[in-house]
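The values are calculated or read from the model by the stated rules, or taken from the named source; none is laboratory data. This is a predicted model, so every value here is computed, not measured. Note that each Cβ is placed from the backbone with ideal geometry, even for glycine, and that neighbours are counted across all protein chains shown. Each accessible area value is taken on the protein alone, full model and side chains, heavy atoms only, with ligands, DNA and RNA left out. Shrake-Rupley method; radii C 1.70, N 1.55, O 1.52, S 1.80 Å.
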Amino acid sequence: MRLAVVGAAGRMGRAIIAAAALDGDVSIGAAVVGAHELGLELDALAIVPVNAAGPAVADADVVVDFSSPTGFDQALALAVAAGRPLVSGTTGLAASQLAALDEAATQIPVLWAANFSAGVNVLEHLVELASRALGGFDVEVMEAHHRRKVDAPSGTALVLGEAAARGRDRKLADIATWARSGVTGPRTNEEIGFQVVRGGSIVGEHTVMLCGDGELIELTHRAQDRAIFARGAVRAAKWLADRPPSRYTMKDVLFGAPS
């Protein structure tokens, strides 16, 4: 299987190239970068500028996008034009871009995830179960990432918050508290709070606290190596390659897609 990696010069793009080199079932068919990144060396791979990547993408089996919100639009357009499945882990997307994924999924198989770690996706499932079972507990989501991360809260933190909200049959947007400062008054019973840390080279840490009277549950995932996300993305690409057009998730990869 040949992958076209959009955002190949970034941290995750390079990690996917490295993960593919260790997987006997896949290879990199195209390393797609922005015009300002031409001339970089990526493990002796031929680099293709995104504005000229159509033929290279068409020659691949799956498009894998870990670029930026702007690069995402280009990756999605390339995948749809070539009729190739798309795996994307680009975060910070606008509502209109998420809607574009739904539209594209009528033509090609699409899998977008905020986090491709198997552990995080199991954590999401556990958070929903715990939130549903412990309806009287307060929920707080805490996340920490490296200093270069540009969006906050992280896409994974939002996914975990949405899982907690689903467990209570609510929408996260209706009950989220994004920050606290000053005299905020007592906490409400329903709100889901978020705390964000940015610093150093932290790969990614997420904790969901469920706080009851006299007891506390913490569900935590700590990423120690960016390779876990790359391996998950490669696994998702292999799984997605022969699926029919639809919108898929990492839970489908891990637990099986509904029939």
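If you check Gly161, Gly135, Gly119 for being assigned to a helix (DSSP H, G or I) and either without any contact (Cβ under 8 Å) to a residue 24 or more places away in the chain or farther than 24 Å from Gly256 by Cβ (or both), only one passes: Gly161. For Val196, the stated conditions do not hold, so it cannot be described as open to solvent by 30 Å² or more (accessible area, probe 1.4 Å), within 20 Å of Leu93 (Cα to Cα) and modelled with pLDDT under 95. The residue of segment 90-146 that is nearest to the chain's Cα centre (by Cα), among those that are surrounded by fewer than 21 Cβ atoms within 10 Å (Cβ to Cβ) and among the charged types (D, E, K, R), is Asp102. Leu101 passes every criterion in (1) within 18 Å of Val234 (Cα to Cα); (2) in contact (Cβ under 8 Å) with a residue 40 or more places away in the chain apart from (1).
Evaluated against (1) modelled with pLDDT of 90 or more; (2) surrounded by 24 or more Cβ atoms within 10 Å (Cβ to Cβ); (3) under 20 Å from Ala230 (Cβ atoms), Leu78 falls short on exactly one condition, (3).
Test Phe194 against the stated conditions and say whether it is assigned to a helix (DSSP H, G or I) and touching a Gly at 6+ places or on another chain (Cβ under 8 Å). So Phe194 does not fit the description; no. When residues in segment 4-52 are screened for being in a loop (DSSP other than H, G, I, E, B) and at pLDDT 85 or above, 9 of them pass.
Number of residues in segment 213-239 that are assigned to a loop (DSSP other than H, G, I, E, B), within 26 Å of Ala15 (Cβ to Cβ) and not polar (S, T, N, Q): the value is 2.
Looking across segment 60-75 at every residue that is touching a strand residue (DSSP E or B) at 6+ places or on another chain (Cβ under 7 Å), not small (Gly, Ala, Ser) and not in a helix (DSSP H, G or I), the one that is surrounded by the most Cβ atoms within 10 Å (Cβ to Cβ) is identified as Val64. Evaluated against (1) open to solvent by 50 Å² or more (accessible area, probe 1.4 Å); (2) in a helix (DSSP H, G or I); (3) at pLDDT 85 or above, Val57 falls short on exactly one condition, (1). Quick check: is even one residue across segment 240-249 at pLDDT 95 or above, closer than 30 Å to Ala4 by Cβ and assigned to a helix (DSSP H, G or I)? Yes, segment 240-249 contains a residue that is at pLDDT 95 or above, closer than 30 Å to Ala4 by Cβ and assigned to a helix (DSSP H, G or I). Here Lys171 fulfils each of the conditions (1) modelled with pLDDT under 95; (2) among the charged types (D, E, K, R); (3) under 22 Å from Leu93 (Cβ atoms); (4) open to solvent by 90 Å² or more (accessible area, probe 1.4 Å) apart from (1). The selection criterion, being open to solvent by less than 80 Å² (accessible area, probe 1.4 Å) and in contact with a strand residue (DSSP E or B) (Cβ under 6 Å, 6 or more places away or on another chain), does not hold for Glu218.
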